[in-house]
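What follows is a set of notes on a single structure, which appears directly below.
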Amino acid sequence: MARDHNDRDKTLAQKLAFLFGVTFLLAGIGGFIPGITTDLYDGLEIAGNDGSSELLGLFKVSVLHNIVHALFAIGILMAATHRGALKYLLYSGIAYIVLFLIGLVNAGDWVPINGADDYLHIGLALGLLGAWAASKGAHDPDHAGHVDGDRDRNRAGTETV
């Protein structure tokens, strides 16, 4: 029996993954729009830290950086399932911790990172990981009728009654 997947049926993880995905998509597109990105025509580099273009006049961007933001929009698709949304929130959070650390040690010659980006990256990491932590214990409607222990016992061949 198929479930009706309207917004009320979505878990917190699915809603948050979708929200983060849309936000990343908007940031990726915004990085190519004059007025939203400063010095777009003269300062936007393909990659690297030498460009002068800034999203909203704060966050350094490059073509590669904008494309990566757009790729993080995969959260929109991952939000289709509770498990997919949780994976997206966790792994994206970890990726942003890595980007924050890269910015701290100035190892990001291949990606434009400035002080504002460092704050943004740690904020995103905390937001994504916080969203994962807040939603990881929620009931998974895609596996209704099973709790984790029951599912594990069923895989082992012992049926629970």
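The values are calculated or read from the model by the stated rules, or taken from the named source; none is laboratory data. Nothing here was measured: the structure is a model prediction, and the numbers come from that model. Cβ placement follows ideal geometry from the backbone for every residue including glycine, while neighbour counts extend to all protein chains displayed.
So here's what we get for this one:
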read-out: In the stretch 1-39, residue nearest to ASP140 (Cα to Cα) [restricted to those that are in a loop (DSSP other than H, G, I, E, B) and modelled with pLDDT of 90 or more]; value: THR11
read-out: Residue within the stretch 40-54 that is out of contact with any helix residue (DSSP H, G or I) (no Cβ under 8 Å at 6 or more places or on another chain), of a type outside the set (Asp, Glu), part of a loop (DSSP other than H, G, I, E, B) and surrounded by fewer than 18 Cβ atoms within 10 Å (Cβ to Cβ) present; value: yes
read-out: The stretch 13-38: number of residues that are touching a residue at least 40 places away in the same chain (Cβ under 8 Å) and within 11 Å of PHE72 (Cβ to Cβ); value: 8
read-out: Test result for HIS146, exposed (fewer than 13 other Cβ atoms within 10 Å of the Cβ), part of a loop (DSSP other than H, G, I, E, B) and modelled with pLDDT under 85; value: no
read-out: Residues of the stretch 88-107 satisfying the condition of being over 9 Å from the mean Cα position of the chain (by Cα), surrounded by 15 or more Cβ atoms within 10 Å (Cβ to Cβ) and either touching a residue at least 60 places away in the same chain (Cβ under 8 Å) or under 13 Å from TRP132 (Cβ atoms) (or both); value: ILE97
read-out: Those residues of the stretch 89-133 which are closer than 17 Å to THR23 by Cα and either touching a strand residue (DSSP E or B) at 6+ places or on another chain (Cβ under 8 Å) or charged (D, E, K, R) (or both), in sequence order; value: ASP117, LEU120
